[in-house]
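Working notes, beginning with the structure itself.
The values are calculated or read from the model by the stated rules, or taken from the named source; none is laboratory data. Keep in mind it's a predicted model, so treat the numbers as computed, not measured. Positions of Cβ are backbone-derived with ideal geometry, glycine not excepted, and every protein chain shown enters the neighbour counts.
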Ligand SMILES: C[S@@+](CC[C@H](N)C(=O)[O-])C[C@H]1O[C@@H](n2cnc3c(N)ncnc32)[C@H](O)[C@@H]1O
């Protein structure tokens, strides 16, 4: 099976991010939530989706959250900034964790936001460590979803919540590759919305909210296109930053998949039951 971390690793991500910030007129030595937002929210709809996730969860400043597949850390820093909570991210791609730690240090947030290199299927955290967990556009790379859901459940406190913002498989023909998450079908594992729901319930989660975000993604795509057509910069530049020359075809394939219903963006809020059933 292709190595997932290789798909995301370039070896010069920080240099390219710094160059992009300079091109935007931002100071790479003093990044902010706002200047990084076009780049560090590496999922569909960027910051819009992160704000939506934050609006669906209840977080106290004393909470400790887990970000599963934390990328270069945009969602984790946003949650810590918005709620004053601690966030620990875990990600398979070492280069992403290094860039995530660097940016977090420059923003003076390193006492609140930590990143661990590691696999979401074998997390180095004790049972019942976190009040809540979220994961944005990660499970498409993970074949064994029952194991993923069980592992997240293990590290959540009883009654803790899990928020997933993911891409599910819709009806119709197979996807076109590359996509932003996989060069070929060999490392792409989308489940249907029904399989996702059943998998979470089987792992011991109660579903609180389950929504299809397809229309939001299409509307966001139309707004981005209008900005570009009027000569503006593409508002969400994380995929070009990370995938360089291959980004455009990957982005076209995934937006066509959403447009044709073959990819279904979903947002799921669920809760670990207080006691095992
Ligand atoms: C599309 S990116 C999303 C990053 C981040 N969630 C965000 O929204 O900015 C997918 C991420 O999942 C990570 N990933 C994939 N499989 C993983 C696994 N088994 N364990 C931990 N991270 C994984 C990749 O390294 C990559 O950073």
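From the list 99, 59, which one is away from the ligand (no atom under 12 Å from the Cβ) and touching a residue at least 40 places away in the same chain (Cβ under 8 Å)?
59
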*asked:* Which numbered condition in (1) buried (at least 19 other Cβ atoms within 10 Å of the Cβ); (2) in a helix (DSSP H, G or I) is the only one that residue 268 fails?
replied: (2)
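Within the group 49, 80, 15, which residue is without any contact (Cβ under 8 Å) to a residue 40 or more places away in the chain and within 18 Å of residue 132 (Cβ to Cβ)? Show your work before the answer.
Details: 49 fails: without any contact (Cβ under 8 Å) to a residue 40 or more places away in the chain; 15 fails: within 18 Å of residue 132 (Cβ to Cβ).
Matching residue, one of 49, 80, 15: 80.
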*Looking only at region 33-40, decide whether some residue is under 23 Å from residue 141 (Cα atoms), modelled with pLDDT of 95 or more and more than 13 Å from the ligand (Cβ to nearest atom).*
no
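Looking at residue 113, is it more than 10 Å from the ligand (Cβ to nearest atom), closer than 21 Å to residue 21 by Cβ, over 13 Å from the mean Cα position of the chain (by Cα) and touching a residue at least 60 places away in the same chain (Cβ under 8 Å)? Spell out how you get there, then give the answer.
Working: more than 10 Å from the ligand (Cβ to nearest atom): yes; closer than 21 Å to residue 21 by Cβ: yes; over 13 Å from the mean Cα position of the chain (by Cα): yes; touching a residue at least 60 places away in the same chain (Cβ under 8 Å): no.
The answer is no for residue 113.
Out of the residues in region 135-149 that are assigned to a loop (DSSP other than H, G, I, E, B) and within 6 Å of the ligand (Cβ to nearest atom), state the one that is farthest from residue 46 (Cα to Cα). It would help to see each step written out before you state the result.
Initial filter on region 135-149 (assigned to a loop (DSSP other than H, G, I, E, B)): 137-138, 142-144.
So of that shortlist, the ones also within 6 Å of the ligand (Cβ to nearest atom) come out as 137-138, 142.
On the way: 137: 11, 138: 14, 142: 21 Å.
That would be 142.
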*Scanning for something surrounded by fewer than 13 Cβ atoms within 10 Å (Cβ to Cβ) and free of Cβ contacts under 8 Å to residues at least 40 places away in the same chain, does region 253-262 turn up at least one residue?*
no
*What is the one condition in (1) in a loop (DSSP other than H, G, I, E, B); (2) within 28 Å of residue 37 (Cα to Cα) that residue 191 does not satisfy?*
(2)
